[in-house]
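Every number in this text was worked out from the coordinates using simple rules, so none of it is lab data. These numbers were taken from a predicted model, which means no experiment stands behind them. Cβ coordinates were reconstructed from backbone atoms using ideal geometry, including for glycine residues, and neighbour counts include every protein chain displayed.
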């Protein structure tokens, strides 16, 4: 842990916190992140939003949901850059957390310990159904975790797995509907 509790900095009436929004592909993680960020902007809070530079599916800089809602963000190559660029923000949004390095939980802790509300969205499991990147560690240290579900394209049940449609076996494969589909537990494991 970067800071002990006795070093927490108080900004205004509240302490910083970490919120994690997780789930499968097409579950609305980015949509929920955008909704929370927009509420902070309506409250006239200084907001900074970050995404991994490698994710250029919809836009080079904006974070964009599958429903085409978007907000401007700053692409970064390493999580340490987030702390350096947070500036005077009271709210920091981070999308596609699974693509960041393992230092992201430390960075989020450092931000929260300086009084910043940190909202992180990302896949909690990869296409194999295994914990993915720094998201499980973030879930463990977060004050609030929201797990959202897609709809299984096979049976209509709540889906929390991202089934890869291609034969590519590399863990990091940025893709869309041509590469992934959401599936429930039964349909995910029944097709393997």
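Place a label point 7 angstrom from the Cα of residue 151 along the Cα-to-Cβ direction, then list the residues of region 19-35 whose backbone nitrogen is under 14 Å away. So the set is 26-28. When peptides 35-47, 119-131, 89-101 are sorted by average Cβ neighbour count within 10 Å, with the highest value leading, the order is 89-101, 119-131, 35-47. Annotation: the residues 78, 144, 149, sorted from fewest to most other C-beta atoms within 10 Å of their own C-beta, follow the order 144, 78, 149. Remark: the residue 45-residue 167 segment gains 39.4 nm on full extension, using 0.36 nm per residue and subtracting the alpha carbon distance. A crude spin-label estimate for the pair residue 77 and residue 130, with each label 7 Å from Cα along the Cβ direction, gives 2.7 nm. Sorted ascending by nearby beta carbons within 10 Å, beginning with the fewest, 152, 108 become 152, 108.
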